[in-house]
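See below for the structure under consideration.
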Amino acid sequence: MRPRLLLLDEPTAGLDPKTRRDLLATLLRLNQQEGMTLVIASHNMDDVAALAQRVYVLEEGRVALQGPTREVFSQVERLRALGLDVPAAVSVMAALRDRGLPVPPNVLTLDEAEAAILSCLNVGQVANLSR
């Protein structure tokens, strides 16, 4: 039996790092290769960034914010006001932008953050950072 829809509540809670990575890879495969729709409730924003194409943020049972994943996570201050963390890469990139580094605003993953930072380093833009 292959369901078309899988509902998960905090699927990575309590998992060790390797098992977490394995589960995320399996969920991505189910979604991307088998076309399974995933609905995930999670407080782990790194997991959400890795898996979601669309994000709904609930506050007191109502949708407070929704949209494509990159769009939602670009609203760092709004998410923090709602009591949510942002993915680690989003937080790092926001801090770098605050320091004057011209990094893109729509980075979600650590791999994307690494590429953006290396790109800035390669064109010599780091010298302009304010301290």
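The values are calculated or read from the model by the stated rules, or taken from the named source; none is laboratory data. Please read all numbers here as calculations on a predicted model, not as lab measurements. Positions of Cβ are backbone-derived with ideal geometry, glycine not excepted, and every protein chain shown enters the neighbour counts.
What to note about this one:
- Qualifying residue in segment 17-39 (condition: in contact with a His (Cβ under 9 Å, 6 or more places away or on another chain), among the small types (Gly, Ala, Ser) and assigned to a loop (DSSP other than H, G, I, E, B)): no
- Restricted to segment 42-76, and to residues there that are surrounded by 15 or more Cβ atoms within 10 Å (Cβ to Cβ) and of a type in the set (Asp, Glu), the residue that is farthest from residue 31 (Cα to Cα) is 46.
- Looking across segment 48-96, the residues that are free of Cβ contacts under 8 Å to residues at least 12 places away in the same chain and assigned to a strand (DSSP E or B) come down to 56, 58, 62, 63.
- Within segment 100-124, considering residues that are outside any helix (DSSP H, G or I) and aliphatic (A, V, I, L, M), the one surrounded by the fewest Cβ atoms within 10 Å (Cβ to Cβ): 123
The rows are residues; the columns are (1) crowded, with 17+ Cβ neighbours inside 10 Å; (2) among the small types (Gly, Ala, Ser); (3) over 17 Å from the mean Cα position of the chain (by Cα).
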| site | (1), (2), (3) |
| --- | --- |
| 14 | no, yes, yes |
| 33 | no, no, yes |
| 36 | no, no, yes |
| 78 | no, no, no |
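- Check on residue 1, closer than 30 Å to residue 121 by Cβ and modelled with pLDDT under 95: no
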